[in-house]
Amino acid sequence: MPEIPVLVAGGAGYIGSHTCLALAQAGFRPIVYDNLSNGHREFSKWGPLVEGDIRDRARLDEVLNHYKPVAILHFAALIEVGESVRDPVAFYENNVVGSLSLLSAAQAAHVRAIVFSSTCATYGLPEMIPMSENHPQAPINPYGRTKWVIEQALRDYDSYTELRHVTLRYFNAAGADFEARIGEWHTPETHAIPLAIETALGRRETFQVFGTDYDTRDGTCVRDYVHVLDLADAHVRALQYLLDGGASRSINLGTGTGTTVNELLRTIATASGRPFPIVERERRPGDSPVLVANNEMAREVLGWTPRYSLEDITRSAWQWHTSSNLLG
Ligand SMILES: NC(=O)c1ccc[n+]([C@@H]2O[C@H](COP(=O)([O-])OP(=O)(O)OC[C@H]3O[C@@H](n4cnc5c(N)ncnc54)[C@H](O)[C@@H]3O)[C@@H](O)[C@H]2O)c1
């Protein structure tokens, strides 16, 4: 049977590349469209790589016309919250202007389905835990607001055009392909697991814990870590749901289980077999004490269940960091 073409904007990045692997396994042909600003040519292994920017409408038209994808998975974005505070203009330009260009190209090419990467950062500070999809959305930084703006645009496209969407709001993506062909590789790295692993490997001097006096079980922040391959699986399900005629929806992707920073560090020390130096710092402004997903909708609508544990996450991440010859 011929593979079904889908366009994966940002498919050379961390979550996009793992989703391309899952798409190929499910019989789709992922066409990666990426400007390689933060992605890696080496991560595009399961279909063609087209170098291009989502702000380049002419290039998008050309690619959509050539490959005729049945759907778009849209990962392309700047993602670092701190950078969004320092340079919000770049985030609006890339994440908002770029996404609107992609939506309008999709509309012109009669693409009827899009899966959009959103984030729990669109909720802002939690009013209730776990957070369900109808938690109020009040993002507290430009990164979260750029994602929220595109969620609103998608709703209007749903009301007034034929484009249907699933917006997936991820909690903390983590872990790697178990064969270590691809993994988490951000520059600069700001995510806790790779930072802790780099510290255990002696590539960083210390791991900094920001805030030890939160009202949580050990005083450190609680986050919901979900394996990147579970996210990838949810994307394939969301795509299939839309191709089967499903209505537009926003869906949380998290395990529903919270892990404190201290618990995470213990798991990493076990996976690595190496205790590593930790420094306690003041709380960072804007950090929520607890972010945990209510994932009932993903279970009901997509039939999705996270398969991998925190130990699977840290083990696969450790394997990626220690065995890949791509990382310096
Ligand atoms: N990593 C997480 O924990 C997390 C959590 C919530 C949401 N998200 C969202 O998931 C998506 C993927 O995140 P990631 O961690 O894989 O990030 P990533 O930086 O690894 O991947 C993003 C990819 O998009 C590409 N890109 C950026 N701007 C582009 C543009 N203008 N045109 C074409 N390509 C462009 C980059 O080169 C990169 O390959 C992002 O939209 C992010 O906001 C990530």
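The values are calculated or read from the model by the stated rules, or taken from the named source; none is laboratory data. Since the structure is predicted, the reported quantities are computational estimates derived from the model, not experimental observations. Every residue, glycine among them, receives a Cβ derived from its backbone with ideal geometry; neighbour counts consider all protein chains shown. What goes into the accessible areas is simple: the full protein's heavy atoms, side chains included, and nothing from ligands, DNA or RNA. Shrake-Rupley method; radii C 1.70, N 1.55, O 1.52, S 1.80 Å.
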Could you check how many residues of region 64-77 are surrounded by fewer than 19 Cβ atoms within 10 Å (Cβ to Cβ) and of a type in the set (A, V, I, L, M, F, W, C)? 1
Among residues belonging to region 1-40 that are more than 11 Å from the ligand (Cβ to nearest atom) and of a type in the set (D, E, K, R), point out the one that is farthest from the chain's Cα centre (by Cα). Glu3
Looking at region 276-290 only, could you name the residues that are in contact (Cβ under 8 Å) with a residue 24 or more places away in the chain, in a loop (DSSP other than H, G, I, E, B) and of a type outside the set (Asp, Glu)? Phe276, Pro277, Arg283, Arg284, Gly286, Ser288, Pro289
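Take the conditions of a type in the set (Phe, Trp, Tyr), touching a Cys at 6+ places or on another chain (Cβ under 7 Å), open to solvent by less than 30 Å² (accessible area, probe 1.4 Å) and within 11 Å of the ligand (Cβ to nearest atom) and apply them to Phe116. Does it pass? I'd like the intermediate steps shown before the answer.
Values: of a type in the set (Phe, Trp, Tyr): yes; touching a Cys at 6+ places or on another chain (Cβ under 7 Å): no; open to solvent by less than 30 Å² (accessible area, probe 1.4 Å): yes; within 11 Å of the ligand (Cβ to nearest atom): yes.
Judged against the criteria, Phe116 is not a match.
Can you give me the number of residues within region 223-244 that are open to solvent by 10 Å² or more (accessible area, probe 1.4 Å), over 19 Å from Gly82 (Cβ atoms) and outside any loop (DSSP other than H, G, I, E, B)?
From region 223-244, those open to solvent by 10 Å² or more (accessible area, probe 1.4 Å) are 223, 225, 229, 233, 236-237, 240-244; that's our starting set.
The next check asks that each one be over 19 Å from Gly82 (Cβ atoms); those that pass are 225, 229, 233, 236-237, 240-244.
Still in the running and outside any loop (DSSP other than H, G, I, E, B): 225, 229, 233, 236-237, 240-243.
The total comes to 9.
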Of the residues Ala247, Ala298, only one is in contact (Cβ under 8 Å) with a residue 40 or more places away in the chain, of a type in the set (A, V, I, L, M, F, W, C) and part of a helix (DSSP H, G or I); which? Ala298
With respect to the numbered conditions (1) in contact with a strand residue (DSSP E or B) (Cβ under 8 Å, 6 or more places away or on another chain); (2) touching a residue at least 60 places away in the same chain (Cβ under 8 Å); (3) over 17 Å from Asp233 (Cα atoms), which one is the sole condition not fulfilled by Ser44? (2)
Within region 271-305, residues being under 30 Å from Ala247 (Cβ atoms) and open to solvent by 30 Å² or more (accessible area, probe 1.4 Å) number 8
The residue from Thr212, Thr206, Thr146, Thr216 that alone is more than 28 Å from Ser323 (Cα to Cα) and in contact with a helix residue (DSSP H, G or I) (Cβ under 7 Å, 6 or more places away or on another chain) is Thr146
Tell me, yes or no, whether region 155-170 has at least one residue that is of a type in the set (Gly, Ala, Ser), open to solvent by 20 Å² or more (accessible area, probe 1.4 Å) and at positive phi. no
Are any residues in region 166-192 assigned to a helix (DSSP H, G or I) and more than 29 Å from Pro136 (Cβ to Cβ), and if so, which ones? none
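If you go through region 171-213, how many residues are away from the ligand (no atom under 16 Å from the Cβ) and open to solvent by 20 Å² or more (accessible area, probe 1.4 Å)?
Step one: filter region 171-213 for residues away from the ligand (no atom under 16 Å from the Cβ), giving 178-180, 198-213.
Then drop every residue that is not open to solvent by 20 Å² or more (accessible area, probe 1.4 Å), which leaves 178-179, 198, 201-206, 208, 210, 212-213.
Total satisfying the criteria: 13.
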